[in-house]
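Presented below is the structure to which this report refers.
The values are calculated or read from the model by the stated rules, or taken from the named source; none is laboratory data. Treat the numbers as computed from the prediction; the structure is a model and nothing was measured. Every residue, glycine as well, gets a Cβ built from its backbone with ideal geometry; the counts of neighbours run over all protein chains shown. Each accessible area value is taken on the protein alone, full model and side chains, heavy atoms only, with ligands, DNA and RNA left out. Shrake-Rupley method; radii C 1.70, N 1.55, O 1.52, S 1.80 Å.
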Amino acid sequence: MASDIDIAQAATLERITKVASEKLGIADEHLEPYGHYKAKLSLDYVDSLKGKPNGKLILVTAISPTPAGEGKTTTTVGLGDALNRIGKKALCCLREPSLGPVFGMKGGAAGGGYAQVVPMEDINLHFTGDFNAIQLANNLLAAMLDNHIHHGNELDIDVRRIAWKRVLDMNDRALRDITCSLGGPGNGYPRQDGFDIVVASEVMAIFCLATSLKDLKQRLGNIVVGYTKAQKPVTARDLKAHGAMAVLLKDALKPNLVQTLENNPAILHGGPFANIAHGCNSVIATQTGLKLADYVVTEAGFGADLGAEKFIDIKCRKSGLRPDVVVIVATIRALKYHGGVDVKELNTENLAALEKGVANLEKHVFNIREHYGLPCVVAINNFTFDTPAELKLLQDRMAQHDAPVIVARHWAEGGKGAEDVARKVVEILDKQQGGSTCKFVYEESATLMEKVTAIATKIYGAAGVSADAKVATQIKKLQDDGYGHYPVCVAKTQYSFSTNAAARGAPTGHTLNIREVRLAAGAEFIVMVCGDVMTMPGLPKVPSAEKIDLDDNGKVIGLF
């Protein structure tokens, strides 16, 4: 079969103005085109939609990620196309890709096979410049912070307690820990510092939670960049940086409209790190999509324990959004991996390993139904190596969980291959009485420690939570300082329910150890770092960048 980029480049794209007009009823005057095939929606137009009723929100999530791959974005796109194929007005709301994974190991985030959003090369590379604007806003704040200290430090900032890092949209391990301001008095005061990748910036999290330019500016002003020698927080507002940061982001905040291979609309906007932040596209994009279509398909980062939990407990809690149904993506290959099979052996039938690995899927389905309160459909992203016996075993095991298991072949067949999933989703939605049945894992009134304990014991299957005296004191101080009503954002490995990435399946009885706590006052959540989480990844031994090239005619090659 042709590669993803070959399929994307062979596609017949419609001008984005035509897609907007014919599929969504959007007039040209409300579009700000970036070439022929992508455009931003004006914020005035977005505001004009507020009185319209909302469509149904379909959340796509997955089992715990594995090296075998699950295909969450591919399924999101395929399901959106399938809904349109069966006569429904639907669109997808997705995150924008980060350049780090594109040039590193994971690849892009535009889907795959015959379930992609296009123009694929643009989306996976610079797109409309949103990430560059976020990078610049973040680094402007860093520059103004160091400049303030250099010119007298009127706020009495303690240079040992600076909490704001610079960012770069690239995997570069050499920048994780650096010493800055060397070279003499004219260059400022030397100190230890470091870089994160753009998607880990709090500016990205704020960008994706803001509901307007006014809200964006307010949240930017609330960012805590460090502390004074009296240990009082110093904010971006104190540095008078938030206004200029908002200026850099004013165009980026407009949602991006593109299309699928089947010329159906898709909105791609924002993309916070699914570990250190909430890992889903912008609130503005999702809210806009719900006003434009009867069905909106969106996704949350990583598995349902991380991505879906944060989608609900952070994004939905803060925005008023509520999913109506969940599609959980799995592959038989990935479930066999959770059953202990080596990656090299995943293409061989192994019922015993599948029987064992299904526990991972069962736990995610249980969480969605019991703790998130939502109906669930399991979409098996089909591989040619899957056998009838493996599929029957999976369907038999899941029958007791009231979660239909449906094989989806959208990667090879496009929307046609996901029509059965689309029909089942619509059937469930048609039977619903009233609004969404979504519920939170914890109440806003719970303490920070009660919140993280609820996540650990209910969602991860942990026996409890631990923290050393220093971390426990930090949590108590945040509680006492008035941040206790914030949601908790757990940063841990995505590969397991536990903090041990090698613990496959559905481990129980483990302890969630909190080793670090970070305040995200602008995004309005508390990050609790559990285990080792990398906020500036490195490139692999053979990075994808080695294969990406430009031919003599200016055509991009080697991009997946």
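List every residue whose amide H lies under 5 Å from the amide H of GLU96, counting only residues 5 or more places away in sequence or on a different chain, with H placed 1.01 Å from N in the peptide plane.
Distant-sequence amide H within range of GLU96: HIS269, GLY270, GLY271.
For the range 385-429, what is the charge dipole size about the Cα centre, in debye to the nearest 20, if Lys and Arg each add +1 at the Cβ and Asp and Glu each add -1 at the Cβ?
Working: 6 positive and 8 negative charges, 9 e Å.
Value, rounded to 20: 40 debye.
At 1.4 Å probe size, with no ligands or nucleic acids counted, give the accessible surface of SER466 in Å², nearest ten.
The accessible area of SER466 comes to roughly 40 Å².
Between ALA491 and residues 5 or more places away or on another chain, which pairs have amide H atoms under 5 Å apart, with H built 1.01 Å from N, and which residues are they?
MET528, VAL529, CYS530
Hey, can you find the accessible area per residue of the chain for me, probe 1.4 Å, expressed in square angstrom?
39
Pick out, from GLY522, GLY482, PHE497, the residue whose Cα sits farthest towards the positive end of the charge dipole of the range 478-543, with +1 on the Cβ of Lys and Arg and -1 on the Cβ of Asp and Glu.
Comparing the listed Cα positions along the dipole, PHE497 ranks first.
In square angstrom, rounded to the nearest 10, how much accessible surface does ARG15 have for a 1.4 Å probe?
130
Given the DSSP H assignment, sum -39500 (n - 2.57) over each helix run of at least 4 residues in the chain and divide by its residue total; what's the result at 222 nm in deg cm²/dmol, nearest 500?
Per the formula, -9000 deg cm²/dmol.
So how many Å³ per residue does the convex hull of the Cα atoms of the range 520-560 work out to?
Details: hull volume 5.9 nm³, N = 41.
Once divided by residue count, the hull of the range 520-560 is 144 Å³.
Using only Cα atoms and rounding to the nearest 10 degrees, what angle (0 to 90) does helix 72-85 make with the longest principal axis of the chain?
50
Distance between the C-alpha centers of the range 282-301 and the range 501-524? Whole Å please.
28
Counting Lys +1, Arg +1, Asp -1, Glu -1, what net charge surrounds ILE548 among other residues with beta carbon under 13 Å of its beta carbon? Before the final figure, lay out each step's value.
Values: positive: LYS547, LYS555; negative: ASP4, GLU121, GLU546, ASP549, ASP551.
Once all neighbours under 13 Å are counted, the net charge is -3.
Can you give the accessible area of LYS254 in Å² (nearest 10), computed on protein heavy atoms with a 1.4 Å probe?
Answer for LYS254: close to 30 Å² accessible.
What is the sum of charges, Lys and Arg at +1 and Asp and Glu at -1, for the other residues whose Cβ falls under 13 Å from the Cβ of HIS242? Mind showing how you got there, number by number?
Working: positive: LYS214, LYS217, ARG219, ARG237, LYS240, LYS250; negative: GLU202, ASP215, ASP238.
Value of the local net charge: +3.
In whole percent, and with a 1.4 Å probe on the protein chains, what portion of the accessible area of the chain is carbon and sulfur? Write down the numbers at each step before the final one.
Numbers: 10980 of 21910 Å².
Carbon-and-sulfur percentage of accessible area, whole number: 50.
Where a ≥ b ≥ c are the square roots of the eigenvalues of the C-alpha gyration tensor, would you call the range 483-547 rounded, which needs a/c under 1.5, or, failing that, prolate if a/b is larger than b/c, or oblate?
Values: a/c = 2.94, a/b = 1.30, b/c = 2.26.
Judged from the Cα gyration tensor, the range 483-547 comes out oblate (a/c at least 1.5, b/c at or above a/b).
If packing is taken as the mean number of other Cβ atoms within 10 Å per residue, what is the order of 181-188, 134-141, highest first?
Values: 181-188: 10.9, 134-141: 22.8.
By packing density, highest mean first, the sequence is 134-141, 181-188.
Name the shape class, rounded, prolate or oblate, that the alpha-carbon gyration tensor gives for the range 113-162, where a ≥ b ≥ c are the square roots of its eigenvalues, rounded holds for a/c under 1.5, and otherwise prolate holds if a/b is larger than b/c and oblate otherwise.
prolate
With a 1.4 Å probe and all protein chains kept in place, how do THR447, THR66, THR348 rank by accessible area, largest first? Intermediate values should be presented prior to the final figure.
Values: THR447 50, THR66 15, THR348 80 Å².
The ranking, largest first, comes out as THR348, THR447, THR66.
Mind ranking HIS510, HIS269 by accessible surface for me, highest first, 1.4 Å probe?
Details: HIS510 35, HIS269 0 Å².
Of HIS510, HIS269, the descending order of accessible area is HIS510, HIS269.
Using only the heavy atoms of the protein chains and a 1.4 Å probe, how would ASP6, ASP81 rank by accessible area, largest first? Let's see the in-between values first.
On the way: ASP6 75, ASP81 0 Å².
Largest accessible area first, the list is ASP6, ASP81.
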